[in-house]
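Undergrad: Got a structure for you, questions after.
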Amino acid sequence: MLMLGIETSCDETAAALVEGGTTRWVIRSNVVASQVDIHREWGGVVPELASRQHVRDICGVVERALADGGAGWSDIDAIAVTQGPGLVGSLLVGVSFAKSAAWAIGKPLVAVNHLAGHIESIWLEHGPISLPAVILVVSGGHTSLYLVKREGEYSLLGRTRDDAAGEAYDKVAKLLGLGYPGGPIIDRLANEGNDVAIRWPGTRLTNPDRNAPERDGRFDFSFSGLKTAVLRHVRQRQSELGVDRLPHAEIVDLAASFQRRVVETLIDRTFSAARWHGAKSIGVAGGVSANSRLRKDALAKSERSEIPVYIPSLALSTDNAAMIAAAGLRHLAAGRVAAADLNAAASLPL
Ligand code: KG4
Ligand code: ZN
C-alpha cells in the first residue's frame, strides 16, 4: 500500500509517501515547508497568515513529495490527512486538498488525529515495540501520556492542565527576548548554563482535574506555575539591574535551570506511569522530543531502569506528514475510511 500523507495543522505544510501494511513502514519521501520565518516576525504563529501560506504551498509540497518518492498520482492507494487538533483555518487547507485529491483519483480518504500521528512516529522509526507501552506526546500544543496496549489503540493516562511543555519553552523564550520558536533556542543556550543556578518550584498534581473528574489525575502535568515563576524572576532581576535584557550569563543559567525542571518533570511522570501500568517500553514523541536534554536523560534513565525508551529521529519528532501517512496506513488496514463530508476539527480529542 502506498499512502500519501498530508499535514497542515499548524505552521508546517507537509506531505509524505509511506509504503507498507500494518506494521513495517518505509518512508519514500517526507517534505516539510516550514513557515517559521513568516511567524518569527510576530513572535508566534498568526493563524490567518498560516492558513494563507498553506494555500500557497500545498500543491508544490505534494508534487515534491510525489517526485521525491518516484511516484505518480496513479501509484497512490489512499490519502491520509490530519483532521485535528490544530488551527482550524490551517487544517481546512489540508482536509479540503485531501478530499478533492482522493475524489479525483478515486481512492480512499483516511482521517488522522495529529496526536495519533506523533505516537505512530515511534513505530515508523523503530518498528513494533514491546507492549504495553507508555507514550509521552510532548509538543507546542500538547503534553499527554498514553497507554498503548494494542497497536493503534491509545488510552489517555494524563495530560497538562494548563500550558503544554513546548508552549512554556516558547513563552519563556519570548519573555527573555530570544525569538521564536523558543524550544530550540533555549535548548542551545541551556548547554552553556548552570542547571542548578535557580531553584524553581515543582508541581505534582494529586487532585483530580475539575474538567475531567472521572480520570485519575496523578499523571497530569502543569507548567503554568513554572512559567509564572520564571516571569517573576526575570522581572525582579530586570528591576534590580535596571536593564530590559538580562546579561547573557544570567540568560544561559536561567535557560539551563528551566530546561532541567521541565525535563525532570516529563521524565519523572512518564516513568512513574510506565511503572504503575507495568509498561514494557516507553516512547517519547512530538516537537519537544527533539530536545537534547530530554533525549539524553530519558535514554540514561532507560538504561538504569531497564525499560527501553524509543524516540523518533529529529525529522520525525517535529511536525511532518510521514507520521500521518503511517497512522493512516494503520487506520486503513483496520477499515477506518473517512466519508466525503469529513470536516476539520480544531479540538479533536484522542
Ligand atoms: O510537534 P510540533 O512540531 O508542533 C505541535 O504539534 O505543536 O512541536 C512544536 C514545539 C514548539 O513549542 C517548539 O518550541 C518545541 O516543539 N521544540 C522544542 C525543541 N524543538 C522544538 N522544545 C524544546 N527543545 C527543542 N529542541
Ligand atoms: Zn505536532
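Just so it is clear, none of the values below were taken in a lab; they were calculated from the coordinates. Quick caveat: nothing in here was measured; it's all calculated off a predicted structure. In this analysis, Cβ positions are derived from the backbone assuming ideal geometry, glycine residues included, and neighbour counts consider all displayed protein chains.
Undergrad: Highest GNM mean-square fluctuation, the chain, Cα pairs closer than 10 Å: which of ARG245, ARG295, ARG261?
TA: ARG245
Undergrad: Then there's this: Regarding region 1-57, what are the three Cα extents along the principal axes, ordered largest first, in Å?
TA: 42, 18, 15
Undergrad: In addition: Out of all DSSP beta bridges with both ends in region 1-142, state the antiparallel percent to the nearest 5.
TA: About 60 percent, rounded to the nearest 5.
Undergrad: Would you mind giving the average projected area, over all directions, of the Cα convex hull of region 40-94 in nm² with one decimal?
TA: Approximately 4.7 nm², given one-decimal rounding.
Undergrad: Amide H to amide H under 5 Å from VAL110: which residues, 5+ apart in sequence or cross-chain, H placed 1.01 Å off N in plane?
TA: Those lying under 5 Å, H to H, from VAL110 are ILE79, ALA80, VAL81, ALA338.
Undergrad: A further question on this structure: Taking the Cα centre of region 74-222 as origin and charging only Cβ (+1 Lys, Arg; -1 Asp, Glu), how large is the dipole, in debye to the nearest 20?
TA: Around 340 debye, computed over region 74-222.
Undergrad: In percent, how large is the relative contact order of region 173-237, given Cα pairs closer than 8 Å and 6 or more residues apart?
TA: 24 percent.
Undergrad: So for LEU136, LEU109, LEU231, LEU92, fewest C-beta neighbours within 10 Å to most, what's the order?
TA: LEU231, LEU92, LEU109, LEU136
Undergrad: Then there is this: Based on the mean of other beta carbon atoms within 10 Å per residue, what is the order of 33-39, 181-187, most packed first?
TA: Taking the mean over residues of other Cβ atoms within 10 Å, the ranking is 181-187, 33-39.
Undergrad: Taking LYS107 as the anchor, which aspartates and glutamates have their alpha carbon closer than 19 Å to its alpha carbon, excluding any fewer than eight residues away along the same chain?
TA: The qualifying aspartates and glutamates are GLU7, GLU19, GLU63, ASP75, ASP77, ASP341.
Undergrad: Based on the mean of other Cβ atoms within 10 Å per residue, sort peptides 217-228, 59-70 so the most packed one is first.
TA: Ranked by mean Cβ neighbours within 10 Å, highest first: 217-228, 59-70.
Undergrad: Could you tell me the relative contact order of the chain? Use alpha-carbon pairs under 8 Å, at least six residues apart, and round to a whole percent.
TA: 26 percent
Undergrad: Considering Cα pairs under 8 angstrom that are at least six residues apart, work out the relative contact order of region 249-350 and quote it in whole percent.
TA: 23 percent.
Undergrad: Name the residue from THR265, LEU178, PRO247 whose Cα lies farthest towards the positive end of the charge dipole of region 165-322, charges +1 on Cβ of Lys and Arg and -1 on Cβ of Asp and Glu.
TA: THR265
Undergrad: Over the chain, how many percent of alpha carbon pairs lie in each 20 Å bin up to the one with the longest distance?
TA: Each 20 Å bin holds this share of Cα pairs: 31, 56, 12, 0.
Undergrad: Give the value in nm², to one decimal: projected area of the alpha carbon convex hull of region 26-129, averaged over all directions.
TA: 7.4 nm²
Undergrad: Report, in listed order, any pair from LYS171/LYS227; LYS280/LYS301; LYS149/LYS301; LYS174/LYS227 with a Cα-Cα distance greater than 18 Å.
TA: Pairs exceeding 18 Å: LYS149/LYS301.
Undergrad: Here's a follow-up. Report, please, the projected area of region 93-148 averaged over directions, based on the convex hull of its C-alpha atoms, in nm².
TA: 5.2 nm²
Undergrad: Please figure out what share of the DSSP beta bridges in region 79-213 is antiparallel and state it in percent, rounded to the nearest 5.
TA: Bridges in region 79-213 are about 65 percent antiparallel.
Undergrad: While we're here: Give the separation of the Cα centroids, region 297-317 to region 24-63, in Å.
TA: So the two Cα centres are separated by 28 Å.
Undergrad: Related question: Antiparallel versus total DSSP beta bridges in the chain: what percent is that, nearest 5?
TA: Antiparallel: roughly 60 percent of the beta bridges in the chain.
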